[in-house]
1. Could you calculate the FRET efficiency of ARG210 with LEU147 from 1/(1 + (r/R0)^6), where r is the beta carbon distance between them and R0 is 30 Å, rounded to 0.05?
2. Listing TRP111, TRP208 from the residue with the fewest other Cβ atoms within 10 Å to the one with the most, what is the order?
3. Each residue of segment 202-211 in turn: what ³J(HN,Hα) in whole Hz from Karplus with 6.51, -1.76, 1.60 and θ = phi - 60°, glycine and Pro shown as x?
Amino acid sequence: MPQSNDQAAGQPEEPGAAASNSIGGVPYADRNTPRFDLASDLAGVSRHDLATIALRLLGIYALLETVPILARLAAWILFEGRLPARLFLYDAIILATMIVCGLVLVIYAPWLSEKILPKPVTTNPVVPNTLTLMDVQAVAFSVIGVLVIVAWAIPGFMSDGERYLFGSRVGGVEPSFDAFKPYLLRHGVELSAGLWLFYGSEGLARHWRRIRGKPSREQRDDGPL
C-alpha cells in the first residue's frame, strides 16, 4: 500500500537517499539551489569597472578641491568688501581648471579606462571580465599618475605662472624668469611622470611582477602585488 506524504516525511531517509537526491554531487544542493553560471557570475566586476570607479573617485576629489577656493573667495567678498583683481583672476583660473578636470574624470571615466586597460583580444567572453592582481596594480599606477597631474603639476604651473606674471616687484625689480625655471622644470617633470604612469600603467605592472618573480602557469599567485 503506498504511503502518504505525511508518513513519508516522518520516516528517516536511507543513507544513500541524500546523495542520490543531490544536484551535481553536492550534498546540500537541491532542485531550488541556484546554479553557478561561469559566464554570468564572472561578469560582475571587470577590470574596466575598477578603472572607471577609480577615475570617478579622482574626479570627485578634484571637484572637492574647489570648495576651499570658493570659501576663500566668499570670505574675501564678505569680510573685505572687495576682491583684488589679481587674486580673482588666479582663483578663477584654478577653479575653472579643477572643475573641468573633475567633470572630465567623472563623465569620461569609461573612455579613459579603455586607455588604461585595453580590452584583451579574445573569443572567450569570460576573459575580458576576469579581474587579475596585475589589473589592480595597473589601475593603481594610472590613478597615481592622474593624481600627480591634477594635484601637483597643473596647480604648480598655475601658481608659479601667476607669481611670475602678476607678482609684485621686489625692491623695484621685475620678477626674473630665470628664478622660476627650477619650478617650471619641477612641474614639467611632475607632468611627464603623471602621463607616463597613466599611459604606461599596464607595462609597469608587468615589469613589476617580473621583478618580484613571475609565477608559473600551474602555480596560483595569491601573494602580494
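Readers should treat all values here as calculations from the given coordinates under stated rules, not as data from a laboratory. Everything quoted here is computed from the prediction, not taken from an experiment. Cβ coordinates were reconstructed from backbone atoms using ideal geometry, including for glycine residues, and neighbour counts include every protein chain displayed.
1. Working: r = 25 Å, r/R0 = 0.84.
That gives a FRET efficiency of 0.75.
2. Ranked by crowding around the Cβ, least crowded first: TRP111, TRP208.
3. These are the phi-based 3J(HN,Hα) values: 5, x, 5, 5, 5, 5, 5, 6, 5, 5 Hz.
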